[in-house]
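Asks: Would you mind keeping the following structure in view while I ask a few things?
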Amino acid sequence: MAEDSITAWVYKMPTVGRYFFSRDDIIEKFPSLKYEGIKSALRRLTESGRIFVPWRGFYVVVPEEYEPYGVEQSFFIDALMKYLKKEYYVCLLNAAALHGAAHQAVMRFSVMISAPSLRNTQKGNMVIDFVSRKRMPMRYVQQRKNRTGYFNVSSPELTALDLVSNYQKVGGFNRVAVVMSELIEVMNMAKVDSELLSYFPIADVQRLGYLLDEILEERKMADILFSLSHNHFRKTVLKKSKPADDAEYNDKWKLLINEDIIVEA
């Protein structure tokens, strides 16, 4: 039977260190099986929790010891991005957590990908949020090892810039500041150069500098950033889309401070 053949094949995969397959893999492996038989086998495997389908046509074999709770996104994200032919790295709060800056539990999983973007995906409690950019700063991406190989994660320095650039997606500047207060423990500003900064609007560099300088009191870090970028500064606001009529002006970072930032314990 088609179901028995596919089920046996799937159950054997982890014994040879394989945890992912696509619909095309099944067709290639079982060319004589009919569509309905394949569909039925996959449905039964999904319902039993033996496989997980984070994306249409892409399947994750769940090791027995992970049942019934399933696998985390980091388990399959590298394989999924290869399937989708996308450059990527784990970013924002998830990257910060991987670097030890986990002030709160992160319910969603953020992944930076090369443009064009993909739709966010949710399967049960598992959510992946995609953020896209035209130019991917892969030189500043690190690899983390897991059971299935490696996956990409932004370096602490790239994570800091991404958090500031996407502050609206992660809960605002207060949350960014709290996360940054822990992230600075592993940041190495000697790794920041003009090339890394070129991936971001200069206003975001100014905002990060202000946070480091005035909110977190990391003067040495801030001064390195200032020396690399201050010739390009333009007067702008700290928080976009908010009035700044009576805002205090920070001349060093050329920012109208139209948002009070509090680092809560």
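The values are calculated or read from the model by the stated rules, or taken from the named source; none is laboratory data. Remember, predicted model here, so these are calculated numbers, not experimental data. Methodologically, a virtual Cβ is constructed for each residue, glycine included, from the backbone with ideal geometry; neighbour enumeration extends over all protein chains shown. The accessibility values were calculated without ligands, DNA or RNA, using every heavy atom of the protein model including side chains. Shrake-Rupley method; radii C 1.70, N 1.55, O 1.52, S 1.80 Å.
Asks: Any idea which of (1) within 18 Å of residue 146 (Cα to Cα); (2) open to solvent by less than 40 Å² (accessible area, probe 1.4 Å) is the one residue 72 doesn't satisfy?
Replies: The failed condition is (2).
Asks: Another question about this same structure. Only one of these is closer than 22 Å to residue 91 by Cβ, open to solvent by 30 Å² or more (accessible area, probe 1.4 Å) and not small (Gly, Ala, Ser): 166, 174, 152, 231. Name it.
Replies: Residue meeting the stated conditions: 174.
Asks: Within segment 51-65, count every residue that is under 27 Å from residue 118 (Cα atoms) and open to solvent by 20 Å² or more (accessible area, probe 1.4 Å).
Replies: Within segment 51-65, residues that are under 27 Å from residue 118 (Cα atoms) and open to solvent by 20 Å² or more (accessible area, probe 1.4 Å) number 4.
Asks: Now a separate question. Out of curiosity, is residue 244 in a loop (DSSP other than H, G, I, E, B), over 24 Å from the mean Cα position of the chain (by Cα) and without any contact (Cβ under 8 Å) to a residue 40 or more places away in the chain? Full working, then the answer.
Replies: On the way: in a loop (DSSP other than H, G, I, E, B): yes; over 24 Å from the mean Cα position of the chain (by Cα): yes; without any contact (Cβ under 8 Å) to a residue 40 or more places away in the chain: yes.
Yes.
Asks: Just need a number here: residues in segment 224-241 that are in a helix (DSSP H, G or I) and either of a type in the set (Phe, Trp, Tyr) or out of contact with any Gly (no Cβ under 9 Å at 6 or more places or on another chain) (or both). Break it down stepwise before answering.
Replies: Of all residues in segment 224-241, those in a helix (DSSP H, G or I) come to 224-232.
In the following step, the residues that additionally are either of a type in the set (Phe, Trp, Tyr) or out of contact with any Gly (no Cβ under 9 Å at 6 or more places or on another chain) (or both) were identified as 224, 226-228, 231-232.
Residues meeting the conditions: 6.
Asks: Being open to solvent by 40 Å² or more (accessible area, probe 1.4 Å) and either among the hydroxyl-bearing types (Ser, Thr, Tyr) or not in a helix (DSSP H, G or I) (or both) is the filter here, so list the residues in segment 194-206 that pass it. Write out each step before concluding.
Replies: Within segment 194-206, the subset open to solvent by 40 Å² or more (accessible area, probe 1.4 Å) is 194-195, 198-199, 201-202.
Correct list: 194, 198, 199, 201.
Asks: Also: Checking the structure you have, find out if any residue of segment 213-223 is of a type in the set (D, E, K, R) and in a loop (DSSP other than H, G, I, E, B).
Replies: Filtering segment 213-223 down to residues of a type in the set (D, E, K, R) leaves 213-214, 217-220, 223.
With in a loop (DSSP other than H, G, I, E, B) added as a condition, the list becomes 217-218.
Scanning segment 213-223 turns up at least one residue that is of a type in the set (D, E, K, R) and in a loop (DSSP other than H, G, I, E, B).
Asks: Which ranges mark the strands (runs of 3 or more DSSP E) fully within segment 42-119 that have 2 or more residues being closer than 28 Å to residue 156 by Cβ, of a type outside the set (A, V, I, L, M) and touching a strand residue (DSSP E or B) at 6+ places or on another chain (Cβ under 6 Å)?
Replies: Per the criteria, 88-90, 109-114.
Asks: Is it true that some residue in segment 155-162 is open to solvent by 20 Å² or more (accessible area, probe 1.4 Å), in contact (Cβ under 8 Å) with a residue 12 or more places away in the chain and hydroxyl-bearing (Ser, Thr, Tyr)?
Replies: Keep residues of segment 155-162 that are open to solvent by 20 Å² or more (accessible area, probe 1.4 Å), which gives none.
No, the conditions are met nowhere in segment 155-162.
Asks: Considering 40, 32, 22, 48, which residue is surrounded by fewer than 16 Cβ atoms within 10 Å (Cβ to Cβ), farther than 29 Å from residue 164 by Cα and at pLDDT 95 or above? Steps first, answer last, please.
Replies: Numbers: 40 fails: at pLDDT 95 or above; 32 fails: at pLDDT 95 or above; 48 fails: at pLDDT 95 or above.
That would be 22, the only listed residue that is surrounded by fewer than 16 Cβ atoms within 10 Å (Cβ to Cβ), farther than 29 Å from residue 164 by Cα and at pLDDT 95 or above.
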